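Here is the structure we will look at, set down as structure tokens.
Nothing in this text is a laboratory measurement; each read-out follows from the coordinates by a stated rule. Computed from a predicted model, the values in this text were never measured in an experiment. Because the Cβ atoms are built from the backbone with ideal geometry, glycine has one as well, and the counts that use them run over all protein chains shown.
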Amino acid sequence: MSASAQRPTDREHRRRVLKRASILVDIDTSEIACAVRNQTENGAELQVPLGIQAPDEFLLYVPLDRTAYTCVVRWRRDDRLGVEITGTAPKPHWHYG
């Protein structure tokens, strides 16, 4: 099976972007810097530093959008995460960015 046949069908409809973002968990956990590589209303592909293990659920703050997205990880591959966006939330008051 080709690599393109293994990808989700909605992948073709995702807008390619390059946005700086932060994975936020809680006040006691350091943020994880990442990049949004493509995005739809309901999902995104994130690039995270190799070796970093993001939690299964987190808040993704995208300064360019001025939005915090609630996310659930749907797949992991090398330095990439596919997330489902389940909603939005206010930027946490404890996040400085």
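Rounded to the nearest Hz, the phi-derived 3J(HN,Hα) couplings of the stretch 21-34 under the Karplus curve 6.51 cos²θ - 1.76 cosθ + 1.60 (θ = phi - 60°) are 8, 9, 8, 10, 10, 6, 5, 8, 10, 4, 6, 10, 5, 8, where x marks glycine and proline. If you wrap the tightest convex hull around every Cα atom of the stretch 41-97 and split its volume per residue, you get 90 Å³. Local charge for Ala54 was computed over the other residues whose Cβ lies under 15 Å away, with Lys and Arg +1 and Asp and Glu -1, and equals -3.
Among the GluC sites (Glu not before Pro) within the stretch 41-79, those in coil by DSSP and having at most 12 neighbouring Cβ atoms inside 10 Å are Glu41. A simple rule links phi to the HN-Hα coupling: the Karplus curve 6.51 cos²θ - 1.76 cosθ + 1.60 with θ = phi - 60°, which for the stretch 49-63 gives x, 4, x, 8, 9, 6, x, 6, 9, 6, 9, 10, 9, 10, x Hz, with x for Gly and Pro.
With a cut-off of 11 Å between beta carbons, the residues surrounding Pro92 carry a summed charge of -1, where Lys and Arg count +1 and Asp and Glu -1. For the stretch 67-74, the Karplus equation 6.51 cos²θ - 1.76 cosθ + 1.60, evaluated at θ = phi - 60°, returns couplings of 9, 10, 9, 7, 10, 10, 6, 10 Hz by residue, with Gly and Pro reported as x. When the chymotrypsin sites (Phe, Trp or Tyr not before Pro) in the stretch 37-94 are filtered for DSSP coil states and for at most 15 other beta-carbon atoms within 10 Å of their beta-carbon, the remaining sites are Trp94. Summed over all non-identical Cα pairs, the Kirkwood treatment of the stretch 3-89 gives a radius of 13.0 Å. Annotation for the stretch 36-97: trypsin sites (Lys or Arg not before Pro) lying in DSSP loop with at most 14 further Cβ atoms inside 10 Å of their Cβ are Arg66.
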